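K.L.:
One structure, as structure tokens, below. Some questions next.
The values are calculated or read from the model by the stated rules, or taken from the named source; none is laboratory data. A quick note: this is a predicted structure, and the numbers were derived from the prediction, not measured. Backbone-built Cβ (ideal geometry, glycine too); neighbour counts: all protein chains shown.
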Amino acid sequence: MNAVRPAANAPVADRRAAIAVRQTIALPMARAGGATPDLVTFDGLDRPDDFALVFPRTGTGAPWVRVHSACLTGDLFGSARCDCGPQLDAALAHLAHHGGALLYLHQEGRGIGLRAKIEAYALQDQGLDTFAANESLGFPPDARDYHSAAGMLQALGIARLHLLTANPDKVQQLQKAGIVVESTLALEIAPTPFNRDYLEAKRKRFELFSQALLSPRR
Ligand SMILES: [Zn+2]
């Protein structure tokens with residue numbers, strides 16, 4: 001049942017191609033308006049517990065997709081330090097209504113893990129923003145990787161999609177990996193006194209990233 005898994009140092013494209021659907025079960029949910037998506041697990045992933053929730057399609061054309069990086073404090077406990085919980089709820093509501101897929105990727109804290117994220121929170125309390133805090137701990141400002149997401153999408157038969165995101169880095173990584181992003185839709189989250197600085201730091205960074213994409217390389 002398990003496909004032979006390429007070594008960790010194998011080319012990204014080979015590792016992506018080895019990702020296959022392992023199992024599909026119905027998941028009746030208390031959230032998402034009581035929807036019952038399919039929960040899909042995969043073989044061949046670097047993070048074996050990443051999974052997809054696939055909601056029945058209501059139309060034709062490319063499906064809606066949310067690629068969501070896990071945030072235990074936000075997703076599970078509704079932490080107001082970030083906007084992950086409301087983003088997840090908004091994405092689930094959108095997908096329950098329109099159909100499509102949510103990929104849940106275990107790359108907590110922009111990919112640095114829960115303990116380091118809490119250390120970064122302490123630095124943010126001293127005035128650093130979410131990206132600078134990760135850097136001052138010796139991590140990249142954003143270590144999240146979406147190559148496995150492309151493999152999961154391929155395994156689900158999704159080659160073209162509409163993406164629920166405001167993150168240009170996510171769009172670029174998926175497109176580089178061969179997924180066609182037909183359009184994007186940002187999930188609008190109302191700021192709170194606790195996450196205002198966090199949302200502002202993200203907005204500024206995405207602006208800089210978009211400008212870098214548009215300006216010609218020298
Ligand atoms: Zn979060």
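K.L.:
Among the residues of the range 157-175, write down those that are without any contact (Cβ under 8 Å) to a residue 60 or more places away in the chain and not in a helix (DSSP H, G or I). Outline the logic, then answer.
P.N.:
Here is the first cut: in the range 157-175, the ones without any contact (Cβ under 8 Å) to a residue 60 or more places away in the chain are 157, 159, 166-169, 171-173, 175.
Scanning the range 157-175 gives GLY157, ALA159, ALA166, ASN167.
K.L.:
Scan the range 83-132 residue by residue and report those that are modelled with pLDDT of 90 or more and among the aromatic types (Phe, Trp, Tyr).
P.N.:
Answer for the range 83-132, where residues must be modelled with pLDDT of 90 or more and among the aromatic types (Phe, Trp, Tyr): TYR104, TYR121.
K.L.:
Another one. Of all residues in the range 178-210, how many are at pLDDT 80 or above, in a loop (DSSP other than H, G, I, E, B) and either in contact with a Phe, Trp or Tyr (Cβ under 7 Å, 6 or more places away or on another chain) or loosely packed, with under 15 Cβ neighbours inside 10 Å (or both)?
P.N.:
Qualifying residue count, the range 178-210: 2.
K.L.:
What are the residues in the range 51-92 that are touching a residue at least 60 places away in the same chain (Cβ under 8 Å) and not hydrophobic (A, V, I, L, M, F, W, C), if any?
P.N.:
PRO63, ARG66, SER69, ARG81, ASP83, PRO86, GLN87
K.L.:
Can you pull out every residue in the range 97-115 that is among the aliphatic types (A, V, I, L, M) and buried (at least 21 other Cβ atoms within 10 Å of the Cβ)?
P.N.:
We begin by selecting, within the range 97-115, every residue among the aliphatic types (A, V, I, L, M); these are 101-103, 105, 112, 114.
Correct list: ALA101, LEU102, LEU103, LEU105, ILE112.
K.L.:
Follow-up question, since we're still on this one. Identify all residues within the range 66-90 that are of a type in the set (A, V, I, L, M, F, W, C) and within 13 Å of the ligand (Cβ to nearest atom); write none if there are none.
P.N.:
Applying the first criterion (of a type in the set (A, V, I, L, M, F, W, C)) to the range 66-90 yields 67, 70-72, 76-77, 80, 82, 84, 88, 90.
Hits for the range 66-90 are ALA70, CYS71, LEU72, LEU76, PHE77, ALA80, CYS82, CYS84, LEU88.
K.L.:
Which numbered condition in (1) without any contact (Cβ under 8 Å) to a residue 40 or more places away in the chain; (2) buried (at least 18 other Cβ atoms within 10 Å of the Cβ) is the only one that ILE118 fails?
P.N.:
(2) is the only condition that ILE118 fails.
K.L.:
If you don't mind, another one. Mind checking which residues of the range 154-170 are aliphatic (A, V, I, L, M) and modelled with pLDDT of 95 or more?
P.N.:
ALA155, LEU156, ILE158, ALA159, LEU161, LEU163, LEU164
K.L.:
Could I ask something else about it? State which residue is farthest from LEU137 (Cα to Cα) when the search covers only the range 92-110 and only residues that are in contact with a helix residue (DSSP H, G or I) (Cβ under 9 Å, 6 or more places away or on another chain) and within 14 Å of the ligand (Cβ to nearest atom).
P.N.:
TYR104
K.L.:
Within the range 40-53, which residues are of a type in the set (A, V, I, L, M) and in a strand (DSSP E or B)?
P.N.:
Within the range 40-53, VAL40, ALA52, LEU53 qualify.
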